[in-house]
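Single-structure report; data block below.
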Amino acid sequence: MKALFRKAILVFLCMMPVLHAGDLLTNKEIVVRFYTAAFIDKNLDAARVYLSDDYIQHNPSVRSGGQAFLEFARGLRTRNPDSKAVIKRVIAENDLVVLHILSKPKLDGPEMAIVDIFRVENGKVIEHWDVKQEVPTIESINGNGFL
């Protein structure tokens with residue numbers, strides 16, 4: 001009887017649908033992988049996996065749409081091949097994920113503090129807002145770092 005039960009469980013498990021990697025990822029993981037691929041590794045093919053075709057952009061300098069984002073990111077990479085970015089913090093709640101980024105867009109330019117807010121829907125990045133500020137070069141009077 002136990003052997004029959006084990007066999008039935010094994011058959012059942014074998015009939016279950018195969019899960020894809022994206023099925024197991026949290027919204028936080030999706031956004032971190034998307035951002036890392038697009039802006040740290042500069043691998044837009046890898047970033048595309050996490051990007052919705054219906055991507056909504058709230059930055060007024062960038063068009064909406066997945067393809068428009070890829071064109072924008074490709075242009076950034078071409079103009080600033082030595083740009084650097086570091087994810088300092090990740091905060092997630094429901095479908096929203098916030099990244100706090102230290103970015104050096106140009107070798108001869110200032111460092112930037114960026115807060116990127118992403119909305120995830122059905123395992124894809126679907127919407128984006130951002131706020132950017134130049135990292136101050138003055139010494140902090142409170143002794144705390146800017147980032």
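The values are calculated or read from the model by the stated rules, or taken from the named source; none is laboratory data. Not measured: the values here are computed from a predicted model. Glycine gets a Cβ as well: all are built from the backbone with ideal geometry, and neighbour counts include every protein chain shown.
Summary table
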{"read-out": "Test: residue in segment 48-56 that is within 27 Å of Leu147 (Cβ to Cβ), in a helix (DSSP H, G or I) and not aliphatic (A, V, I, L, M)", "value": "no"}
{"read-out": "In segment 45-62, the residues that are farther than 12 Å from His128 by Cβ and aliphatic (A, V, I, L, M)", "value": "Ala46, Ala47, Val49"}
{"read-out": "Residue match in segment 87-105 (condition: within 30 Å of Thr137 (Cα to Cα), assigned to a helix (DSSP H, G or I), in contact with a strand residue (DSSP E or B) (Cβ under 7 Å, 6 or more places away or on another chain) and without any contact (Cβ under 8 Å) to a residue 60 or more places away in the chain)", "value": "no"}
{"read-out": "Residue in segment 120-146 that is surrounded by the fewest Cβ atoms within 10 Å (Cβ to Cβ), counting only those that are charged (D, E, K, R) and under 15 Å from His100 (Cα atoms)", "value": "Glu134"}
{"read-out": "Search result, residues across segment 104-117 that are more than 13 Å from Thr36 (Cβ to Cβ) and under 15 Å from the mean Cα position of the chain (by Cα)", "value": "Ile114, Val115, Ile117"}
{"read-out": "Pair list, Cβ < 8 Å and 6+ apart or interchain, from segment 63-78 residues that are farther than 15 Å from Phe34 by Cα to residues that are among the small types (Gly, Ala, Ser)", "value": "Leu76/Ser83; Arg77/Ser83"}
{"read-out": "Any hit, segment 62-74, residues being loosely packed, with under 12 Cβ neighbours inside 10 Å and either of a type in the set (D, E, K, R) or farther than 14 Å from Lys124 by Cα (or both)", "value": "no"}
{"read-out": "Residue count, segment 128-147 (criterion: closer than 21 Å to Asp108 by Cα and in a loop (DSSP other than H, G, I, E, B))", "value": "7"}
{"read-out": "One residue from Val11, Val49 being modelled with pLDDT under 95, β-branched (Val, Ile, Thr) and either touching a His at 6+ places or on another chain (Cβ under 8 Å) or farther than 24 Å from Lys104 by Cα (or both)", "value": "Val11"}
